[in-house]
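**Q** Structure incoming, see below.
The values are calculated or read from the model by the stated rules, or taken from the named source; none is laboratory data. Remember, it's a predicted structure, so these values are computed and weren't measured experimentally. So basically every Cβ, Gly included, is an ideal-geometry build from the backbone, and we count neighbours across all protein chains shown. SASA here: full protein model, heavy atoms, side chains in, ligands and nucleic acids out. Shrake-Rupley method; radii C 1.70, N 1.55, O 1.52, S 1.80 Å.
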Amino acid sequence: MKQLSLKNLLDKLVSLPKETEWVEFKHNFHSEDEIGQRLSALSNSAALLNEPFGYLVFGIEDETHSILGTTFKAKHYKKGNEELEMWLLNRLNPRIDIECFEFDYEDKHISMYRIPAATERPVTFLHTAYIRIGTLTKPLIGYPEKEAKLWKRNGNKFLDKTVVKECATPTDVIRQLSAETYFDRMKIPMPQTTDGIIERFISEKFIVSLITGYGITELGAILLAKDLRDFDNLHRKSVRVIVYKGKNKVETIREQTFEQGYAVCFPMLIDWVNGQLPANEEIGKALRKDVRMYPEIAIREISANMIIHQDFQFLVFP
């Protein structure tokens, strides 16, 4: 995240009327364990509130949200001989991808942790899961209703819940996702304004609103990405078609990879597959024409089923 974006993010966080269950402010460092407990609580609370991230910010007065600065240097602090960031990761389960930032805001030092919402199961620190209750951090075990809700939410993989790329502006979203493909496939007129497109994408859960702008979800990317290689790890889900020699998989004749989202590349995929299949020449009254041995509708059905019935639990690999 760029320096300017961090300052903009901090402006938006401190403009909140009060601390929330997914944002916590601290003036200075107190203990390593306290940070670990906060990371667990903020991750779990963000999941319950359908927020993609939680934030722990040092250098802010928690009641007034005044930017005071801090002496705590999160990226350089060590616990014994180990960097604090690694020490925390080794005690969180699962090892969520926390991000640690340090920057100066008008000559005042700020340290910030951005914590992804829990997705697989409640996040624990030293084998205990925590939750935010208002502005307080409490063990999750004391709140069985929230714990049950969290387990239920994380029991299944929902492609519309995980943000895979952040975009600062609507233009950035349109640069990544093919709006033309969506409106063409749905056979509805494309809005004349970018705001209209964004509103539709939000309603379809292709994107979500973030405090920093917009977040493209796994669903949006896997369907409408102009290039899946622009999304971390999602290129692993690109459609790849291989033509083998004979009935085994020993010798490859040719192959083709389609790097776009599934809705974008599907017509190209069908055309390419049809081009690899044998055809018979039929002579009509006046003209000859090639007739494929397999009807195109069958190829479309098989291809669509292979794409849809994959295991999306493993959409993103570590």
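**Q** In square angstrom, rounded to the nearest 10, how much accessible surface does residue 77 have for a 1.4 Å probe?
**A** 70 Å²
**Q** Another question, if that's okay. Among 94, 265, 194, which residue has its Cα furthest toward the positive end of the charge dipole of the chain, with +1 on Lys/Arg Cβ and -1 on Asp/Glu Cβ?
**A** Most positive-ward Cα: 265.
**Q** Would you compute, from DSSP H runs of 4+ residues alone, the mean residue ellipticity of the chain at 222 nm, taking -39500 (n - 2.57) per run and dividing by the full residue count, rounded to the nearest 500?
**A** Mean residue ellipticity, 222 nm, calculated: -10000 deg cm²/dmol.
**Q** Starting from the residue with the highest accessible area, list 18, 75 in decreasing order, probe 1.4 Å.
**A** Listed by decreasing accessible area, they come as 18, 75.
**Q** Taking each pair of distinct Cα atoms in segment 106-219 once, what is the resulting Kirkwood hydrodynamic radius in Å?
**A** The Cα-based Kirkwood calculation yields 17.0 Å.
**Q** I've got another one for you. List the residues, sorted by chain then number, that are 5 or more residues from residue 131 or on another chain and whose placed amide H is less than 5 Å from its amide H.
**A** Residues meeting the amide H criterion: 138, 140.
**Q** Which helices, counted as full DSSP H runs in the chain, have an axial Cα extent of no less than 20 Å and a Kyte-Doolittle average of -1.0 or above? Intermediate values should be presented prior to the final figure.
**A** Numbers: long enough: 32-48 (25 Å, -0.21); 262-276 (21 Å, 0.73).
Span-like helices in the chain: 32-48, 262-276.
**Q** On to the next question. Could you tell me the relative contact order of segment 122-253? Use alpha-carbon pairs under 8 Å, at least six residues apart, and round to a whole percent. Don't jump to the answer; show the numbers that get you there.
**A** Numbers: 143 pairs, mean separation 28.3, N = 132.
Value for segment 122-253: 21 percent.
**Q** May I pose another question? Report D for segment 55-124 in µm² per second (integer): Stokes-Einstein, Kirkwood Rh on Cα pairs, 25 °C, 0.890 mPa s. Show your work: numbers first, answer last.
**A** Details: Rh = 13.3 Å.
It diffuses with D of about 185 µm²/s by this estimate.
**Q** Calculate the spin-label point distance for residue 76 paired with residue 271, positioning each point 7 Å from the Cα along the beta-carbon direction, and give it in nanometres.
**A** Calculated label separation equals 5.7 nm.
**Q** Each residue of segment 244-257 in turn: what ³J(HN,Hα) in whole Hz from Karplus with 6.51, -1.76, 1.60 and θ = phi - 60°, glycine and Pro shown as x?
**A** Result, ordered by residue: 9, 8, x, 9, 10, 10, 7, 10, 9, 8, 7, 8, 9, 10 Hz.
**Q** Could you state, as a whole-number percent, how many of the C-alpha pairs of segment 1-94 are farther apart than 15 Å? Provide the component values of the computation, followed by the final result.
**A** Details: 2837 of 4371 pairs.
The calculated P(r) of segment 1-94 puts 65 percent of pairs beyond 15 Å.
**Q** Right, another one. What spacing in nm lies between the two simple spin-label points modelled at residue 194 and residue 249, each 7 Å away from Cα in the Cβ direction?
**A** 4.4 nm
**Q** Under 8 Å for C-alpha pairs, at least 6 residues apart: give me the relative contact order for the chain, rounded to a whole percent. Before the final figure, lay out each step's value.
**A** Values: 528 pairs, mean separation 40.8, N = 318.
It comes to 13 percent, rounded to a whole number.
**Q** On to the next question. Looking at (i) 24.7, 88; (ii) 19.0, 62; (iii) 24.9, 97, which value of Rg and Dmax of the Cα atoms in Å comes from a calculation on the structure shown?
**A** Structure-derived value, by its label: (i).
**Q** Using protein chains only and a probe of 1.4 angstrom, how many square angstrom of residue 219 are accessible, to the nearest 10?
**A** 40 Å²
**Q** At a probe radius of 1.4 Å, what is the per-residue accessible area of residue 22, in Å² to the nearest 10?
**A** Spelled out: residue 22, probe radius 1.4 Å, area about 30 Å².
**Q** Hey, could you get me the Stokes-Einstein D for segment 167-288, Kirkwood radius over alpha-carbon pairs, 20 °C and 1.002 mPa s, rounded to whole µm² s⁻¹?
**A** 128 µm²/s
**Q** Got a sec to turn the phi values of segment 105-122 into Karplus ³J(HN,Hα) couplings, 6.51 cos²θ - 1.76 cosθ + 1.60 with θ = phi - 60°, whole Hz, x for Gly and Pro?
**A** Ordered by residue, 3J(HN,Hα) equals 10, 6, 6, 10, 6, 10, 10, 9, 10, 10, 10, x, 4, 4, 10, 8, 6, x Hz.
**Q** Starting from the Cα of residue 203, move 7 Å in the Cα-to-Cβ direction to define the label point; list residues of segment 222-252 whose amide nitrogen is under 12 Å from there.
**A** none
**Q** Just by accessible area at a 1.4 angstrom probe, what is the order of 187, 165 from largest to smallest?
**A** 187, 165
**Q** Right, something else. Leaving out ligands and nucleic acids, and using a 1.4 Å probe, what accessible area per residue does the chain come to in Å²? Numbers along the way, then the final one.
**A** On the way: 17890 Å² over 318 residues.
Averaged over the residues of the chain, the accessible area is 56 Å².
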